[in-house]
Number of protein chains: 2
Amino acid sequence: MRVVVARCAVDYSGRLDAHLPLAKRLLMVKADGSVLVHSDGGSYKPLNWMSPPCSLTVDEPEGADAEAGVVELWTVRSAKTDDKLVVRIHEVLADHSAELGVDPGLVKDGVEAHLQKLLAEQIEILGPGHTLVRREYPTAIGPVDIMARGPEGNSVAVEIKRRGEIDGVEQLTRYLELLGRDPLLAPVRGVFAAQEIKPQARVLAEDRGIRCVVLDYDAMRGLDDVDSRLF
Amino acid sequence: MRVVVARCAVDYSGRLDAHLPLAKRLLMVKADGSVLVHSDGGSYKPLNWMSPPCSLTVDEPEGADAEAGVVELWTVRSAKTDDKLVVRIHEVLADHSAELGVDPGLVKDGVEAHLQKLLAEQIEILGPGHTLVRREYPTAIGPVDIMARGPEGNSVAVEIKRRGEIDGVEQLTRYLELLGRDPLLAPVRGVFAAQEIKPQARVLAEDRGIRCVVLDYDAMRGLDDVDSRLF
DNA sequence: TTATGAATTTCGGAC
DNA sequence: GTCCGAAGTTCATAA
C-alpha cells in the first residue's frame with residue numbers, strides 16, 4: 001500500500017471518458033497495482049480508480065506535460081480491457097508506503113441471504129408441520145427464495161425481504177401465478193416474510209391471499225446459536 | 001483529509017453487523033468527518049466505512065480495551081441514523097494530514113454524448129446519401145440530438161440513447177410532431193438510434209413509423225480512431 | 001423533494 | 001468457471 005498526496009490531473013478512458021482538473025487529491029496504490037483517486041469529500045467511492053488486475057507505470061513527463069509543470073506521469077492500464085487511467089502529478093505533498101499484508105476479511109451478519117438461510121433452517125417458523133423443499137427454487141422468471149411444503153402437503157412459496165414493500169409482493173404474485181399452473185405443485189400458497197412489512201405491502205399481500213410473516217432476526221439468530229451449541 | 005496506517009480492529013453496527021479482526025489497515029478521515037477503512041486489496045470499496053454526515057470522536061481506551069492493548073478508540077456515528085463504526089487502534093504506523101480543499105469535480109463524457117458525436121461524424125450509418133444538418137438542433141421543447149437530411153432531401157430527426165427504451169421513443173415522437181408542423185422541414189422522418197433497443201421500444205417506434213438503428217459503439221469508435229490518424 | 005434506474009458498479013452465492 | 005441478484009449499495013436524472 002502506497003499513499004501519495006499530490007496536486008494532480010487525472011484522465012480516465014474506457015467504458016467512458018472522464019477528466020479531473022488539477023487539484024490536490026489522495027492517490028492510493030494497493031499491493032495488487034490498483035489505484036484509487038480520492039478527494040476530501042463524497043462517499044466511499046473514489047473520483048477515479050482502476051480495478052485490479054492492472055499495472056502502474058511511472059514515466060518522466062515529456063513535451064507539453066513537462067512544460068506544463070508535470071513532474072510525474074502515472075499510467076495505469078487494465079490487464080483485461082483497454083481501460084486506462086492517466087495521472088499527471090504536478091506536485092507531491094506526501095508519499096508514504098506501508099506493508100499491510102493480507103486482510104483476514106470481513107465478518108458479516110444480517111443480510112437477506114442470512115435471513116433466507118435462517119428461515120430455511122427454521123422453516124417451522126411458518127407454522128407446525130412445514131418442511132423445506134429447497135432454497136432458490138428455480139422458475140422461468142427467476143428463483144423463489146424458499147419453496148416449502150405445508151402441513152397438508154400443499155406447496156408454499158416464500159419471498160423473503162429485509163424490508164417488505166409493494167414490489168416484493170408483486171414479485172411473489174408473479175411467482176405464485178406461474179407456479180400455480182404447475183399441476184405437480186398447485187395449489188401454491190404464498191408467504192411474504194420480512195423483518196419489517198410496510199402497511200401498504202401488507203394490505204396488498206393479504207388482499208391477494210398472501211400470508212405475511214414478520215421475522216425476528218435476533219430471535220432466529222439466537223435459536224441458530226443455541227442449535228450450534230446444542231449439537 | 002487525514003490518513004492513518006494502523007493495526008486495528010473494526011466493528012460496524014447499523015443496517016447489519018460486521019466485524020474486522022485485528023490487522024494492519026489504512027484509515028482515511030475526510031474533511032466531512034467520514035471514515036474509510038481500506039485493506040491492501042479488493043476493489044475501490046472499503047472494508048468498512050461511515051458515510052457523511054457523521055462525526056468522529058477519539059477516546060482513551062478503558063478497561064478490557066486498555067488491557068488488550070488498544071491505544072486509541074475511534075467512534076464514528078452517523079448524524080441521521082444510529083449507525084456506528086468503532087475502530088480499536090492497537091498501533092499507529094503512520095499518521096499524515098493534508099489540506100486538500102474542495103475538488104473541482106469530475107467531467108464526464110457519457111457514452112450518449114460520445115455516441116452523438118460519433119454518429120454526427122459518421123452520419124452515413126443512417127444510410128447512403130445522408131448528410132448532417134447539425135447536432136443539438138434547437139426546438140421549442142428542447143434540442144433534437146441530431147438533425148440530418150436524407151438522400152431525397154427530406155429531414156431526418158435522430159434521437160440517440162445508450163439504451164433505447166419507451167421514454168426515448170416518446171421524446172422523439174414529441175419532437176417529430178413539433179418539427180412536422182414546420183413547412184420548411186416537413187416531412188420529417190424519425191430515427192431512434194441506440195446501442196441497444198428494448199423490444200417494447202422497438203415495437204412502439206416502428207408502429208409510429210420511426211426507424212430503429214442499433215449503433216455499434218466499438219465499431220464507431222474504431223472508425224473514429226482511424227479518422228483521427230488519417231487527418 | 002422524491003422516486004426511478006444506471007453503475008468504470010462490487011460482491012456473494014448457486015450451479 | 002459462469003450467471004444472477006443484492007448492496008450498509010452510491011449516483012444521477014426525471015417527475
Can you give me the angle between helix B:217-230 and the longest principal axis of chain B, using Cα atoms only, in degrees from 0 to 90, rounded to the nearest 10? 80 degrees
Any aspartates and glutamates with Cα under 12 Å of the B:Lys84 Cα? List them, leaving off those in the same chain fewer than 8 positions away. B:Asp11, B:Asp17
The range A:1-20 scanned against label point 7 Å out from A:Asp32 along Cα→C-beta; backbone N under 16 Å for A:1-2
Whole-number percent relative contact order across chain A, with pairs defined as alpha carbons under 8 Å at least 6 apart: 13 percent
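Once A and B are treated as a pair rather than alone, how much accessible area drops out, both sides summed, in Å² to 100, probe 1.4 Å?
Using a 1.4 Å probe, the pair buries roughly 4200 Å².
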Along principal axes, largest first, the alpha-carbon spread of the range A:2-97 in whole Å comes out as 33, 28, 25
Compute the whole-percent fraction of alpha carbon pairs in chain A spaced more than 29 Å apart. 53 percent
Per residue of A:31-40, how many C-beta atoms from partner chains lie within 10 Å of its own C-beta, taken as a mean? 6
Note: A:23-30 gets an average of partner chain Cβ contacts (10 Å, Cβ to Cβ) equal to 5
Only Lys, Arg, Asp and Glu count, each charged at its Cβ (+1, +1, -1, -1), so figure out the dipole size of the range A:112-230 about its Cα centre, rounded to 20 debye. 180 debye
Scalar couplings 3J(HN,Hα) for the range A:57-70 by Karplus 6.51 cos²θ - 1.76 cosθ + 1.60 (θ = phi - 60°), nearest whole Hz, x for Gly and Pro, are 10, 10, 10, 6, x, 10, x, 4, 4, 4, 5, 6, x, 6
Sequence gap at least 6, Cα distance under 8 Å: using those rules, report the relative contact order of the range A:112-230 to the nearest whole percent. 20 percent
Each residue of the range A:43-55 in turn: what ³J(HN,Hα) in whole Hz from Karplus with 6.51, -1.76, 1.60 and θ = phi - 60°, glycine and Pro shown as x? 9, 6, 7, x, 5, 9, 6, 9, 7, x, x, 7, 9
Report, in debye and to the nearest 20, how large the dipole of the range A:2-97 comes out about its Cα centre when Lys and Arg carry +1 and Asp and Glu carry -1 on their Cβ. 500 debye
³J(HN,Hα) computed for each position of the range B:78-83 - Karplus, 6.51 cos²θ - 1.76 cosθ + 1.60, integer Hz, glycine/proline x: 5, 6, 9, 10, 9, 5
Restrict the search to the range A:146-220; then list the trypsin sites (Lys or Arg not before Pro) that DSSP places in a loop and that have at most 16 other Cβ atoms within 10 Å of their Cβ. A:Arg181, A:Arg208
Take every residue in peptide B:46-55, count the Cβ atoms of other chains within 10 Å of its Cβ, and give the average of those counts. 2
In the protein assembly as shown, taking the dipole from +1 charges on Lys and Arg beta carbons and -1 charges on Asp and Glu beta carbons about the Cα centre, the listed residue (A:Leu115, A:Ala193, B:Val4) farthest towards the positive end is A:Ala193
Among the lysines, which fall within straight-line cross-link reach of A:Lys45, defined as a Cα-Cα distance under 16 Å, with same-chain neighbours fewer than 8 residues apart omitted? A:Lys30, B:Lys30, B:Lys45, B:Lys108
Assuming 1.306 mPa s and 10 °C, estimate D for the protein assembly as shown with Stokes-Einstein, Rh taken as the Kirkwood radius over Cα pairs, in µm²/s. 59 µm²/s
DSSP loop GluC sites (Glu not before Pro) in the range B:111-184 with at most 10 other Cβ atoms within 10 Å of their Cβ, which ones? B:Glu152
Under a 5 Å amide H to amide H cut-off, with H placed in plane at 1.01 Å, what residues pair with A:Ile197 once short-range neighbours are removed? A:Gly164
Listed by chain and number, the residues whose amide H is under 5 Å from that of A:Thr139, excluding neighbours fewer than 5 places away on the same chain and using placed H, are A:Val144
Just the accessible area per residue of the range B:111-230, please: how many Å² with a 1.4 Å probe? 52 Å²
Let's see if you can work this out: charge +1 on each Lys and Arg Cβ, -1 on each Asp and Glu Cβ, no other charges. What is the dipole magnitude of the protein assembly as shown about its Cα centre, in debye to the nearest 20? 1080 debye
Contact order normalised by length for the range B:1-72, with contacts defined as Cα pairs under 8 Å and 6 or more residues apart; what percent is it? 22 percent
Can you send over the carbon and sulfur percentage of the accessible area for the range B:8-101, probe radius 1.4 Å, protein chains only? 49 percent
Mind ordering B:60-73, A:84-97 by average Cβ neighbours within 10 Å, highest first? A:84-97, B:60-73
The simple spin-label model distance between B:Asp82 and B:Glu121, using points 7 Å out along Cα→Cβ, in nm, is 5.7 nm
Extension gain (nm, one decimal) between B:Glu99 and B:Ala140, 0.36 nm per residue minus Cα-Cα: 10.1 nm
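The values are calculated or read from the model by the stated rules, or taken from the named source; none is laboratory data. This is a predicted model, so every value here is computed, not measured. Reconstructed Cβ throughout: ideal geometry from the backbone, glycine too, with neighbour counts over all protein chains shown. Note: accessible area is taken over every heavy atom of the protein model, side chains too, but ligands, DNA and RNA are not part of it. Shrake-Rupley method; radii C 1.70, N 1.55, O 1.52, S 1.80 Å.
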